[in-house]
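All of the numbers you see were taken from the coordinates with simple rules; none came from a lab. This one's a predicted model, so the numbers in the text were calculated from it and none came from an experiment. Every residue, glycine as well, gets a Cβ built from its backbone with ideal geometry; the counts of neighbours run over all protein chains shown.
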Amino acid sequence: MRTAYSVETVRAAERELMARLPEGALMQRAAAGLAAACADVLGRVYGSRVVLLVGSGDNGGDALYAGARLARRGAGVRAVLLAPGRAHAGGLAALRRAGGSVVSDAGGAVGLVEQADLVVDGIVGIGGKGGLREAAVPLAEAARRGRGVVVAVDLPSGVDADTGEARGTAVRADVTVTFGAYKPGLLIDPGREYAGVVRFVDIGLGRGLAGGTGPAGSPRAEALQHADVARLLPVPGAESDKYRRGVVGIAAGSARYPGAAVLAVGGALRGGAGAVRYVGPAGGAVLARYPETLVSERGPARAGRVQAWVVGPGAGDDAATVGEVLAADVPVLIDADGLRLAEVGAVRGRGLRGVPTLMTPHAGEAAALLGVEREEVESGRLAAARELAARYEAAVLLKGSTTVVAEAGGGGAVRVNPTGTPWLATAGSGDVLSGLGGSLLAAGLSAVDAGSVAAYLHGLAGRFAAEGAPVAAEDVAGRIAEAWRSVVGAGV
Ligand SMILES: NC(=O)C1=CN([C@@H]2O[C@H](COP(=O)(O)OP(=O)(O)OC[C@H]3O[C@@H](n4cnc5c(N)ncnc54)[C@H](O)[C@@H]3O)[C@@H](O)[C@H]2O)[C@@H](O)CC1
Ligand SMILES: Nc1ncnc2c1ncn2[C@@H]1O[C@H](COP(=O)(O)OP(=O)(O)O)[C@@H](O)[C@H]1O
Ligand SMILES: [K+]
């Protein structure tokens, strides 16, 4: 599991550690890790041209000390000071001693940045507020157009460490070298995209973070990795039969949108449940594509036992079916039209009785439920998911460029999905995801685990299906088994 901590928590852990170490020791650890990463991306340090973008804080200090290390190894290092009177004094002296030079006219440094082999972004780190200041914007743009590699110190300047928001221009890094702990902004778009490849440097904060108490001390965000997903995937044992593996009910589709039912069933069949039961008006279309489906003509309440329901994809205005499903005492995944038709009280009541519900809106649906503009959800995905999870007392999976999953009530760490591709933004791929998630719920995963594992597999399947070209939702469903195999690491 990759865990990310808030700025407040990281600062507290740093304070605790600094109190026990000689002055400056922590920055030296950071600078050593940063210089090593820079040397790796340069390949050959001797004779290379390195430009440091240096702000007024400790982030700039890290860059200066790392620059000094590179200069001692023969690089030509020039530091562009964005706030000349306030740059880190010790770092500046170290750079000069090592033979590096200083450029105080930031405005005149654009050409230097464009020509550098390596640009080190030490403008701001976790102390950054708002977007990049005006003076830094032309330099960030030059770094982006330039020929060199861009390495961001701790996080790309201009990205909000806690949310991943980028107001205005932000530095676009090829590599980000982050210290002590991941920050949520490195896992969530757009920050994740600005960060490039993230390299973690351990500066010894572990104890401070683990020892933290209360919400400030616990991780704010976490991202599953292959091994975590492999542990969560349901695997049938010798004693299993189709009912013990779990039956998932799909109440989806309408005369107008039969395809949503087919796609949701397609996702569900690949998700680990032993059987898929379908109720709704698209039974013919479902059977034509998936003859293994158990199709019922009756409503959800009389269709036979299931261990979880999926309701909503392509459901049109069928509020009665949504109400019937929500009355069931098994886990329910609510998607698409179902989100609009589900009464807050009915969903909350389930949560308060301890019956899991997982809601899977995209940003537009989440905005409608919250009564805000879509942009507000897009720019604050963590907060929006938490808010919905609190209002509905249900787990919430918010789809989009970074899919996030908040637990019922909205507390705890939000799961951030690390897989996926923008090619998944294709009609019907959300229906596949809902079927897959429902199947995992029926197989016994908790709402948060089912949602985050479904998003993980769906994202991988999307990448396998796309390989750089457009995909249809059916293609994504067809590659789920391959995604599953790649996670468990065996071809069996
Ligand atoms: N505290 C520690 O123990 C360690 C901190 N480290 C580094 O220190 C960084 C944090 O340092 P600071 O607390 O000094 O903060 P930063 O260096 O991130 O930024 C603070 C400075 O930037 C200015 N600033 C704020 N927003 C700005 C903006 N939008 N544009 C331009 N300037 C802006 C502020 O006026 C302030 O002077 C971390 O990100 C990390 O790189 C590392 O050396 C590891 C150890
Ligand atoms: N820019 C993007 N990058 C990655 N994944 C995306 C992006 N946009 C959408 N997706 C994913 O594509 C799927 C689309 O689902 P949804 O919006 O419900 O569409 P539909 O209702 O047509 O099925 C979701 O899994 C979502 O996370
Ligand atoms: K930075």
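What the pair-distance distribution of the range 429-477 shows, using all Cα-Cα distances binned every 5 Å from zero, is 5, 26, 29, 20, 12, 7, 2 percent.
For the pair V344 and A83, label points projected 7 Å from Cα toward Cβ lie 4.3 nm apart. Within the range 2-220, all pairs of alpha-carbon atoms sorted by distance into 5 Å bins from zero give the percentages 1, 8, 17, 21, 21, 16, 10, 4, 1, 0.
How many angstrom separate the Cα center of the range 144-208 from the Cα center of the range 325-379? About 32 Å separates the Cα centre of the range 144-208 from the one of the range 325-379.
Under the criterion of Cα pairs below 8 Å and six or more residues apart, the relative contact order for the range 1-118 equals 24 percent. Each of S379, L424, S452 was scored by the projection of its Cα onto the charge dipole of the range 330-484, and the greatest displacement toward the positive side belongs to S452; charges sit on the C-beta of Lys, Arg, Asp and Glu. Kirkwood analysis of the Cα pair distances in the range 247-401 returns a hydrodynamic radius of 15.6 Å. In a simple Cβ point-charge model (Lys, Arg +1; Asp, Glu -1; nothing else charged), the range 47-109 has a dipole of about 300 debye relative to its Cα centre.
Across the range 42-77, the residues whose backbone nitrogen lies under 15 Å from the label position 7 Å along the beta-carbon direction of Q115 are 48-52, 76-77.
The trypsin sites (Lys or Arg not before Pro) found in the range 96-187 that occupy coil by DSSP, while having at most 13 further C-beta atoms within 10 Å, are K129, R147, R167. As a calculated quantity, the FRET efficiency between A301 and E8 at R0 = 60 Å, using C-beta atoms, amounts to about 0.80. Inter-label distance, R167 to R231: 3.9 nm, where each label sits 7 Å from its Cα along the C-beta direction. Report, in degrees rounded to the nearest 10, the 0 to 90 angle that the Cα long axis of helix 258-269 makes with the longest principal axis of the chain. That helix lies at roughly 70 degrees to the long axis. Taking every alpha-carbon pair under 8 Å whose residues sit at least 6 apart, the range 226-488 reaches a relative contact order of 21 percent. Each peptide in 191-199, 65-73, 134-142, 408-416 gets a packing score, the mean of other Cβ atoms within 10 Å over its residues, and the list from highest to lowest is 65-73, 408-416, 191-199, 134-142. Under 13 Å of direct C-alpha separation, and excluding same-chain neighbours fewer than eight residues apart, K183 reaches these aspartates and glutamates: E8, D154, D160, D162, E165, E222. One Cα centroid belongs to the range 219-292, the other to the range 1-51; the line between them spans 45 Å.
Residue exposure proxy: L26, L155, ordered by other Cβ atoms within 10 angstrom of their Cβ from fewest to most, comes out as L26, L155. Dividing the C-alpha radius of gyration of the range 226-488 by 2.2 N^0.38 Å, with N its residue count, gives 0.90. In terms of overall dimensions, the C-alpha atoms belonging to the chain reach 81, 47, 45 Å along their principal axes, ordered largest to smallest.
Let's see if you can work this out: charge +1 on each Lys and Arg Cβ, -1 on each Asp and Glu Cβ, no other charges. What is the dipole magnitude of the range 350-447 about its Cα centre, in debye to the nearest 20?
In debye, rounded to 20, the range 350-447 gives about 300.
Counted over the range 2-220, the DSSP beta bridges are approximately 5% antiparallel. Per the Debye formula on identical point scatterers at the alpha carbon atoms of the range 48-172, with no solvent, log10 I(q)/I(0) at q = 0.18 Å⁻¹ is -0.83.
The Cα-based radius of gyration and maximum Cα-Cα distance (Dmax) for the range 342-437 are 12.8, 39 Å. Placing R0 at 35 angstrom, the Cβ-Cβ distance between L21 and S101 gives a FRET efficiency of 0.70 after rounding to 0.05.
Counting only DSSP beta bridges with both residues in the chain, the antiparallel share comes to about 15 percent. Helix 25-42 and the longest principal axis of the C-alpha atoms of the chain enclose an angle of approximately 80°.
By the helix-only formula, in which each DSSP H run with n ≥ 4 contributes -39500 (n - 2.57) and the sum is divided by residues, the chain has a 222 nm mean residue ellipticity of -12000 deg cm²/dmol. For the range 322-467, the relative contact order comes to 20 percent (Cα pairs under 8 Å, sequence separation of at least 6).
To make sure I understand, if each residue's beta carbon is the centre and we count other beta carbons within 10 Å, what order do M27, M359, M18, M1 fall in, fewest to most?
Ranked by crowding around the Cβ, least crowded first: M1, M18, M27, M359.
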